[in-house]
Structure formats: structure tokens, C-alpha cells
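Structure, as C-alpha cells:
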Amino acid sequence: QPRIIFILRDPVERFISYYKHCESKFYVERDTTLKEFFEKNLANFSKEDLDDPFYRGLREGNYFDYISYWLKTFAGNVKVVFFEDLFTKPKSEMYSICKWLNIDEKYFDNYNFTVENKTRRRKYVKIHRFLLIYYRRFEYFFQKNKSLKRILRAIYSGLNKSESVEIDEL
């Protein structure tokens, strides 16, 4: 019997995070406000599946559309975990998952839970854009050399310090 784990995030927090992600990866213009992003997503909400940030932002937070089939089909073999719980208490959540899967949770006794994909807004946009293209081209290399990736990311973060992203009211 397959076991299925869904990790769900508060839809509002997920939407804001997705907005920041799209802006940092240049999928939307840097001056696009959260309100504009929301309104464009709302306008596209009922359209067919689009690979477009102005569709995916709200649509993918509508979890019922995605998991109801799985819950019905694999009843008893589906576990829902909330991202916020994984973030605030990762060890206990991983222990719970391990118990549910009937595997030894001792692996996580001394595990160092770190954030690996935090979205950041960079001060020097041109440098960020160039390095993003470079990273995409050599992503396989960096995935195989995680220590080098961490060192280079730390150097880059120090040189191109993050700016805070202002979130306007909706």
C-alpha cells in the first residue's frame, strides 16, 4: 500500500511566499505590487491550467482541488502535514512522519534542520539576474557539490545583501 504525504502551507502565507519567489526569479516585474499580483491571479483563477505566475499563485493554494481525490482513493494512507509545523518544530514533525511510515526516527536525533531555499530580494538586480542564469545552467553541478554551493551562497549573500520586500495591504 502506498503512503502519501501532503505538506500544506497556510494559503495566504503560501501566496505571499510565491509572490516573493516570482519577483526574486524575475517571473514578474520587480515593481509588481502584491495587490496587482493578487488581482491578476484572481482574474485568471477560473481559466484552464496555465503555466503562468498570474494563474498559479491563487490556484495552487486551493488544496481541495488537488488532494480530495487522494484522500478518497487512499483513505487511511494519506498524511497531511502543515508547513508551519515543519518549520517551527521540525524534529517532532519528522518523528511523527517516521512513526507513521514505521521507520526509525533516530536519523533525526542529531539532524541539523536548515532553510535551504529562502527567497531573497537582492540589492544589485543585474548581478542577481546574471548569477541566476549561471546557476540554472550549472544547477546539476551545484546539486552534486552542496558544500561549495553553501560557501558561494554565503559569499554572494554577504556581497549582495538582501533588501526587505515591502508587502502592501490587499
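Throughout, read-outs are computed from the coordinates displayed, never taken from laboratory work. Quick caveat, the model's predicted, so the values are computed rather than measured. Quick reminder, even Gly has a Cβ in these numbers, built from the backbone with ideal geometry, and neighbours come from all protein chains shown.
Quote to one decimal, in nm, the extra length available between LEU8 and TYR134 on full extension: 0.36 nm per residue of separation minus the C-alpha distance between them.
42.2 nm
Roughly how many debye, to the nearest 20, is the charge dipole of segment 77-150 about its Cα centre, given +1 on each Lys and Arg Cβ, -1 on each Asp and Glu Cβ, and no other charges?
840 debye
Normalised by the residues of the chain, what does the relative contact order come to in percent, with Cα pairs under 8 Å and at least six apart?
On the way: 135 pairs, mean separation 51.1, N = 170.
Value for the chain: 30 percent.
For the chain, what does -39500 (n - 2.57) per DSSP helix run (n ≥ 4), summed and divided by total residues, give at 222 nm, in deg cm²/dmol to the nearest 500? Before the final figure, lay out the partial values.
Numbers: 9 runs with 93 residues, N = 170.
When only DSSP H runs of four or more count, the value is -16000 deg cm²/dmol.
For ILE151 and GLU36, compute 0.36 nm times the residue count separating them, minus their Cα-Cα distance, and round to one decimal in nm. Don't skip to the answer; put the middle values down first.
Details: separation 115, 0.36 × 115 = 41.40 nm, distance 3.63 nm.
Once the chain is fully extended between ILE151 and GLU36, it gains 37.8 nm.
Can you compute the modelled spin-label distance between TRP100 and LYS72, with each label point 7 Å from Cα toward Cβ, in nm?
2.1 nm
Compare the Cα positions of SER17, GLY57, TYR27 along the charge dipole of segment 1-58 (+1 at Cβ of Lys, Arg; -1 at Cβ of Asp, Glu; about the Cα centre) and return the one farthest towards the positive end.
Final value for the positive-end residue is SER17.
Cα gyration tensor of segment 33-110, axes a ≥ b ≥ c as square roots of the eigenvalues: rounded (a/c below 1.5), prolate (a/b > b/c) or oblate?
Oblate is the answer for segment 33-110, as a/c is 1.5 or above yet b/c matches or exceeds a/b.
Could you tell me the relative contact order of segment 39-92? Use alpha-carbon pairs under 8 Å, at least six residues apart, and round to a whole percent.
Relative contact order here is 23 percent.
How would you rank 106-113, 127-134, highest first, on the average number of other Cβ atoms within 10 Å across their residues? Please report the intermediate quantities before stating the final value.
Working: 106-113: 10.4, 127-134: 13.1.
Sorting 106-113, 127-134 by mean packing, highest first, produces 127-134, 106-113.
PHE82's amide H: which non-local residues (gap 5+, or another chain) put their own amide H closer than 5 Å, with H modeled 1.01 Å from N in plane and none for Pro or chain starts?
For PHE82, whose amide H was placed from the backbone, the distant partners under 5 Å are LEU8.
Calculate the dipole size of segment 1-93 relative to its Cα centre from +1 charges on Lys and Arg beta carbons and -1 charges on Asp and Glu beta carbons; express the result in debye to the nearest 20.
400 debye
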